[in-house]
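Participant: Below is a structure I'd like to ask you about.
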Amino acid sequence: HLAFFRARVLYTGLLAALGAAGAPLVAATWWIPLAAWLLAAGLFGLWLARPLGVVLGALLALGLAHLPALLKQASYSTPDGLALLLVCLGAYLMLERRRLGLASAALLAAIATRPDTVILVGFLALALVVCTPCAERPRLSALTLLAGGGAALYLGLARFAGEYGYWPLFSISFDEKSAHPATLPTAI
């Protein structure tokens, strides 16, 4: 099963850095999602303070941060919380700050944290083309570069990790568990 997780290089890189700094690795696997949850709550507050004011924005941000799914994510030893933070940061930078370059960096970092985020990045670029008025839309070349860069990063990470592809992952997730996913057929 390691090939499914080897591509999550940003998360494992942070774990390695924490370990090199002397942190116990098992504890560090919980520190990262907890720190991401705290930072996401702060980002929610920053984002909501503008339209709602500081007090109401902070209350709503606390409510969002305490949704059961986000609390559960903060307690899991997985890269999911970090990916959530990076996706939300990318959305904030893109939608509120109109900083496509920084937003793209955050979204590509989310792919390096959890490679299946590439689906969101691709559809986000498409949604901006289809749903955003021309005057507010980022340049088509920049959105194409974001989607293409995300696809290239995903493919590079999959090759680096020796990933089995989507069909074995789908089979294991929704059909039945397999002790040896490398033996599963890769064709749909």
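Participant: FRET efficiency for A69 and C131, Cβ-Cβ distance as r, R0 = 25 Å, nearest 0.05?
Facilitator: So, using R0 = 25 Å, E works out to roughly 0.45.
Participant: Using only C-alpha positions, report the orientation-averaged shadow area of the convex hull of region 97-188, nm², one decimal.
Facilitator: Orientation-averaged projected area of the Cα hull: 7.3 nm².
Participant: Another question, if that's okay. Compute the Kirkwood hydrodynamic radius of the chain, taking the inverse of the mean of 1/r over all pairs of distinct Cα atoms, and give it in Å to one decimal.
Facilitator: The answer is 18.1 Å.
Participant: Follow-up question, since we're still on this one. So what's the back-of-envelope 222 nm ellipticity for the chain, counting only DSSP H runs of four-plus at -39500 (n - 2.57) apiece and dividing by all residues, rounded to 500? Could you put the intermediate results ahead of the total?
Facilitator: Values: 10 runs with 135 residues, N = 188.
Theoretical 222 nm ellipticity from helices: -23000 deg cm²/dmol.
Participant: Of the heavy-atom accessible surface of the chain (probe 1.4 angstrom), what whole percent is carbon and sulfur?
Facilitator: Reported share for carbon and sulfur atoms: 73 percent.
Participant: Within region 32-132, list the trypsin sites (Lys or Arg not before Pro) lying in a DSSP loop whose Cβ has at most 11 other Cβ atoms in a 10 Å radius.
Facilitator: When the trypsin sites (Lys or Arg not before Pro) of region 32-132 are filtered for loop state and at most 11 Cβ neighbours within 10 Å, R97, R98 remain.
Participant: Now a separate question. For T12 paired with L62, estimate the spin-label separation in nm (one decimal), with each label point 7 Å from Cα along the Cα-to-Cβ line.
Facilitator: 4.0
Participant: Which of P133, A161, L107 sits farthest toward the positive end of the charge dipole of region 77-169, with +1 on the Cβ of Lys and Arg and -1 on the Cβ of Asp and Glu?
Facilitator: P133
Participant: Another question, then. With a 10 Å radius around each residue's Cβ, average the other Cβ atoms per peptide and rank 28-40, 127-139, highest first.
Facilitator: 28-40, 127-139
Participant: With an 8 Å Cα cut-off and a minimum separation of 6 or more residues, compute the relative contact order for the chain in percent.
Facilitator: 22
Participant: Which of the helices in the chain meet the span-like rule: DSSP H, Cα axial reach of 27 Å or more, Kyte-Doolittle mean at least 0.5?
Facilitator: 25-52, 140-161
Participant: Okay, moving on. Which order do the peptides 17-23, 146-152 take when ranked by the mean count of other beta-carbon atoms within 10 Å per residue, highest first?
Facilitator: Highest to lowest by the protection proxy: 146-152, 17-23.
Participant: Between Rg and the Kirkwood Rh of region 72-134, both from Cα atoms, what is the Rg to Rh ratio?
Facilitator: That ratio is 1.02, to two decimals.
Participant: Summing Lys, Arg as +1 and Asp, Glu as -1, what charge do residues with Cβ under 11 Å from the Cβ of Y154 carry, Y154 excluded? Write out the running numbers ahead of the final one.
Facilitator: Working: positive: R114, R159; negative: D116, E163.
In short, 0.
Participant: What's the Cα-based Rg to Rh of region 5-103, Rh via Kirkwood?
Facilitator: Using only Cα positions, Rg/Rh for region 5-103 is 1.03.
Participant: At each listed q (0.15, 0.23, 0.24, 0.25 Å⁻¹), what is the log10 of I(q)/I(0) that the Debye formula gives for region 41-83 modelled as equal alpha-carbon point scatterers?
Facilitator: -0.39, -0.72, -0.75, -0.78
Participant: Averaged per residue, what accessible surface does the chain expose to a 1.4 Å probe, in Å²? Walk me through the numbers before you get to the answer.
Facilitator: Numbers: 10780 Å² over 188 residues.
Here the per-residue accessible area is 57 Å².
Participant: When the Cα centres of region 111-143 and region 19-90 are compared, how far apart do they sit, in Å?
Facilitator: 23
Participant: What's the magnitude of the charge dipole for the chain around its Cα centre, counting Lys and Arg as +1 and Asp and Glu as -1 at the beta-carbon? Answer in Debye, nearest 20. Mind showing how you got there, number by number?
Facilitator: Values: 12 positive and 7 negative charges, 87 e Å.
Rounded to the nearest 20 debye, it is 420 debye.
Participant: Also, quick follow-up: How high is the relative contact order of region 83-145? Use alpha-carbon pairs under 8 Å, at least six apart in sequence, and give a whole percent.
Facilitator: Values: 43 pairs, mean separation 16.9, N = 63.
Computed value for region 83-145: 27 percent relative contact order.
The values are calculated or read from the model by the stated rules, or taken from the named source; none is laboratory data. Keep in mind it's a predicted model, so treat the numbers as computed, not measured. Using ideal geometry, Cβ is built from the backbone for each residue, glycine included, and neighbour counts are taken over all protein chains shown. Areas reflect the complete protein model, heavy atoms only, side chains present, ligands, DNA and RNA absent. Shrake-Rupley method; radii C 1.70, N 1.55, O 1.52, S 1.80 Å.
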